[in-house]
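The structure appears below as structure tokens.
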Amino acid sequence: MRKQAVIDQLLTRRHTRAARSSAETLRPCRAVGISTITRRIGPAYVPTDRTWDSALCTHIATLSWYREMTLTRRFLDELSTAQLLERLDLALEGANLGIWDWDLRDNSVQFDRRWCEMLGLDHATTPMVLDTWSARAHPDDLDGCYRDIRAHLDGHSPRYQNVHRMRHADGRWLYILDRGRIAGRDEQGRPIRFTGTHLDITAITLAEERTRREEQARLTVLMNFSATLAHELNTPLQVIALAAHALTRLGATDDGEGNGTASREVVSREAVDAIVAMSDRAGRITSALRALSQRDGLAESPFSHSFAQAIELFHDRFDSEGISVSIVDESNGAVVRATAGDVLRAHVFLLDGALRALLATKDAKRSVHLAAQLEGAHVIVTCTDSGVRWAPEGGHDEIEPSSLSPSELLGPIVARFGGGIEVSDRSHGNHFTVRFPLVTASV
């Protein structure tokens, strides 16, 4: 029920009760006396002749009821307003909104308790002046704040809104969503009061920034992987093309008399073997790409198959760059609790990270070692390279400053199948360990 309806209903009930007792009002009026009545309802309402007739008593009773009704309405209004204020305070508390109220005439600002707590300040000792805010705003963001404030004060925007950084009492920077609007004007229509809210959106902003970085990093991996894939597919295609050309030349040099038949058979057989071998390899690469693109499937997969597919995708690229590669697979036919796509993606991120680190190093001797072995209830994969060391938080000036490290890229994948990832602290090169939970293993 609406507030006004509740008040009217209560007042109607009081009016009904007063009407029922109006006949009894005459006796109390005479008994109480004029001085008491004057004190209760005010001297302005008592006739000066003080005649105690029926009309006077009814008049006094009516005025008394009216005054009671007025006080009751005021009480209900005040009580309802207090409740509304309480609910507003609870809503602001739940939304973690701080409130500021800026007096444009003297630059005094009233900051509420939540505004101060948001920045780690004590409300009782916080100066209520504009400099309290401006001194904590990031210098690079302050001009933008004032520009947006001026746009609203000049009538160019319906409200003020700005996201800027503010320094917490402990020194860290928070991202604040600041909103406000003109709350008062003087007689000439000039703004004199500006009121708004502060909201800490640091967690949201950092999450969005991390998502953006992850998307950029995955795009970088995709671009690098495209170059790697071009190397891997180029080799079998070149071999197939050369073998086909050799077969064509054999047909063109046939004199029809059988001369050189044995040598042509040897060349033909070698060419056909090369075509078959390279076609098989191209098929394996295509199969690996198909598995890499899958986002679902059975959460159980043979580990060695995906392990071999990942090596197949990078073999020629490492070879063309002069990088020494050593591979050890001692998983012994283990089946891991992860989709084939996730197992393959994990190895692709490991090998791609190693490739980028090795391409960035100036050392003449470059190597990568990939090993898999059974250990308890897991298959343990280690990837070690002699390249430039990845920074723990991702990126490196010599690699790609904005990219994520292999461990950061692997994080969401490993979380999906309940595995784990570790990064060893090394002065040179990188060493990553990934744990794949085991389903079954045949030894």
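The values are calculated or read from the model by the stated rules, or taken from the named source; none is laboratory data. If you're wondering where the values come from, they're calculated on a predicted model, not measured in any experiment. Neighbour counts run over all protein chains shown; Cβ positions are idealised from the backbone, glycine included.
Look at region 409-432: where a residue is closer than 28 Å to Arg366 by Cβ and modelled with pLDDT under 90 and a partner is of a type in the set (Lys, Arg) and part of a helix (DSSP H, G or I), sitting 6+ places away or on another chain with Cβ atoms under 8 Å, you get Leu409/Arg218; Ile413/Arg345.
Among the residues of region 240-249, are any farther than 30 Å from Phe318 by Cβ and modelled with pLDDT of 70 or more? Yes, some residue in region 240-249 is farther than 30 Å from Phe318 by Cβ and modelled with pLDDT of 70 or more.
Report, by residue number, each residue of region 325-342 that is closer than 14 Å to Cys383 by Cβ and either surrounded by 24 or more Cβ atoms within 10 Å (Cβ to Cβ) or out of contact with any Leu (no Cβ under 6 Å at 6 or more places or on another chain) (or both). Within region 325-342, Val325, Ser326, Val328, Asp329 meet the criteria.
Scanning region 173-203 for residues that are acidic (Asp, Glu) and in a strand (DSSP E or B) turns up Asp178, Asp200. Taking region 93-172 and the strands (runs of 3 or more DSSP E) fully enclosed by it, the elements with 1 or more residues that are under 16 Å from Arg193 (Cα atoms) and of a type in the set (Val, Ile, Thr) are at 97-103, 108-111.
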